[in-house]
Amino acid sequence: MHIITLLTDWQNNDYYKAVVKAKLLSQVHDVQFVDISHSVDAFHISQAAFLLSSAIYQFPEGTIHLFGIQTIDSENTKVIVARFKKQYIIANDNGIFEVLNLDFDEIIEVDKDYSHFPMAENFVPIATEIVLGKPLSEIGKKISKTKKYLTVQASVEDNMIVCPVNYIDSYGNILVNIRKDLFEKERKGRRFEIVINSRKYKTNEIHKHYDDVPKSEIFSIFNSAGWLEIGMRMANISNILNLSEQTNIMIKFYDV
């Protein structure tokens, strides 16, 4: 059984994902599909990359990920396949691989024909070849660099980390592009304060469980994917505090 994931901005009322799955099933029968998400904001590469980087470590070797964000075709757009821990990511060269910031084992560029539906007409044949055991060296040309993509990273200063919200989940919890190793490296054993939107809304503790705080109180936790997650127990913190992906989260460190 071969696992193939789809990650797109098509939303659930489009027929596109059905076409991609049908074309794959017409070529390879022992396929199991996993829909990572089809609710990514239109053309939002960094949001989709955050979802993929949060999920990819849970998939087994051999998994093929079809990245369907900004797949609009042109003569200058290349199809890229990257191998990471014996998994494969197929996407247009639109900055996704730069944003993922993974240590890829191999990256190739694949010749293709112009298409109005690249995911079905270009990605599917490549995925089929991988499933059938064709090595990447025979599918495309090895390259060392992909297109860069400008994205906002955490800003680190002596006594502060500032980072925008990366993603808002279905509970309204906010996920920030800060992992525990960065947090502890900058904390250096000091006490801290996580400020959300304004100094009125803050927490000074990293919790182990979502229910470590009373109802409607703010919690912060390093979640199962390793990201800093901030929420409000049994409430939608994003709606209550009017948070968005442009909101900055500030972590302040104090020596005393």
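Indicate, rounded to the nearest 5 percent, the antiparallel portion of the DSSP beta bridges found entirely in the chain.
Details: 43 of 57 bridges.
If we restrict to bridges inside the chain, about 75 percent are antiparallel.
Provide the net charge surrounding Lys142, with neighbours chosen by a C-beta distance below 10 Å and charges set as Lys +1, Arg +1, Asp -1, Glu -1. Neighbour charge sum, excluding Lys142 itself: -1.
Count Lys and Arg as plus one, Asp and Glu as minus one, and take only other residues whose Cβ is under 14 Å from that of Ile45; the net charge is then -3. Ranking Asn101, Gln70, Asn122 by Cα position along the charge dipole of segment 57-123, where only Lys, Arg, Asp and Glu carry charges on their C-beta atoms, puts Asn101 farthest toward the positive end. Dividing the mean sequence gap of close Cα pairs (under 8 Å, 6+ apart) by how many residues the chain holds gives a relative contact order of 15 percent. Taken over the Cα atoms of the chain, the convex hull encloses 143 Å³ per residue. Charged side chains reduced to their Cβ positions (Lys and Arg at +1, Asp and Glu at -1) give segment 208-256 a dipole of some 80 debye around its Cα centre.
Partners of Lys134 within straight-line reach, counting lysines whose Cα lies under 29 Å from its Cα and excluding those fewer than 8 residues away in the same chain: Lys17, Lys21, Lys23, Lys78, Lys85, Lys86, Lys112, Lys142, Lys145, Lys147, Lys148.
222 nm [θ] for the chain, helices only, -39500 (n - 2.57) per DSSP H run of 4+, per residue, to 500?
Details: 7 runs with 52 residues, N = 256.
It comes out at -5000 deg cm²/dmol, rounded to the nearest 500.
Of all lysines in the structure, the ones whose alpha carbon falls short of 21 Å from that of Lys188, not counting any fewer than 8 places away in one chain, are Lys180, Lys202, Lys208, Lys252.
Close amide H contacts of Phe219 (hydrogens built in the peptide plane, cut-off under 5 Å, sequence separation of 5 or more or a different chain): Gly231, Met232, Arg233.
Each value in this text was obtained by applying a stated rule to the coordinates, not by laboratory testing. Worth saying up front: this structure is predicted, and the values here are computed from it rather than measured. Cβ: placed from backbone, ideal geometry, glycine included. Neighbour counts: every protein chain shown.
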